[in-house]
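Nothing in this text is a laboratory measurement; each read-out follows from the coordinates by a stated rule. Just so we're clear, the structure is a prediction, and the values are computed from it rather than from any experiment. Please note: Cβ atoms are built from the backbone with ideal geometry, for glycine as well, and neighbour counts cover all protein chains shown.
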């Protein structure tokens with residue numbers, strides 16, 4: 001049931017919120033927002049509507065609630081530089097996202113779970129807070145006493161073949177990855193426009 005609901009969310013946002021096959025299939029079969037009126041029920045969005053949809057899309061991709069997302073944006077806005085790029089940087093530096101990017105989990109939701117269950121260490125210390133923000137030089141590793149758990153079956157083989165973002169390196173034999181630099185918004189493909197999110201919050 002949860003997968004069905006998430007697939008509907010992907011259709012609403014027009015992009016796969018999760019990389020599960022069900023989401024891609026849902027978008028292929030019915031590439032329009034859910035609703036009783038079908039493909040003809042979509043209305044033209046106002047500028048505000050477009051900004052709102054981008055904000056909602058980003059929240060759902062990274063699995064944040066409204067308060068978490070708004071607080072992160074406020075922090076990004078208070079810093080010097082492009083607020084949208086800073087927001088993307090903060091989202092990418094979340095520990096659950098890094099675990100996902102390293103290939104240790106198939107989805108961010110799964111990554112959030114293994115972090116919460118204390119399967120992950122940062123620089124040798126157990127961290128069970130998904131929102132923990134990594135820094136350049138940090139080493140993220142699956143804890144040795146957790147590697148026999150079923151959730152990690154076959155992960156090393158998958159990780160060894162995974163293409164890493166330029167700011168991460170992987171040592172699959174050691175079940176670890178390293179943050180080598182600060183993620184840049186232009187380094188990876190995004191399915192949302194951070195500038196529209198900046199414009200959305202500027203209205204408030």
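Simple spin-label model, 7 Å along Cα-to-Cβ: residue 193 to residue 48 in nm?
Going from the residue 193 label point to the residue 48 one covers 1.8 nm.
Zone of residue 123 (label point 7 Å along Cα→Cβ, backbone N under 18 Å): which residues in the stretch 85-116?
93-96, 98-99, by backbone N distance to the label point.
At residue 162 and residue 149, where each label point lies 7 Å from the Cα along Cα→Cβ, what is the point-to-point distance in nanometres?
1.6 nm
Extension gain residue 181-residue 106, at 0.36 nm per residue separation less the Cα-Cα distance, in nm? Each step should come with its number before you reach the end.
Details: separation 75, 0.36 × 75 = 27.00 nm, distance 2.31 nm.
Contour length minus the Cα-Cα distance gives 24.7 nm.
Rounded to whole Å and sorted largest first, what semi-axes of the equivalent ellipsoid does the C-alpha gyration tensor of the stretch 95-179 yield via the square root of 5 times each eigenvalue? Display every interim value, and only then the final one.
Values: eigenvalues 48, 47, 29 Å².
Each semi-axis is the square root of five times an eigenvalue, giving 16, 15, 12 Å.
Going by how many other beta carbons lie within 10 Å of each one, how would you line up 73, 90, fewest first?
Values: 73 22, 90 19.
The order, fewest Cβ neighbours first, is 90, 73.
At a Förster radius of 25 Å, what calculated FRET efficiency corresponds to the Cβ-Cβ distance of residue 139 and residue 116, to the nearest 0.05? Before the final figure, lay out the partial values.
Values: r = 20 Å, r/R0 = 0.79.
The computed FRET efficiency comes out at 0.80.
Please list 100-111, 157-168 highest first by mean number of surrounding beta-carbon atoms within 10 Å per residue. Please report the intermediate quantities before stating the final value.
Numbers: 100-111: 21.5, 157-168: 13.9.
Highest mean packing first, the order is 100-111, 157-168.
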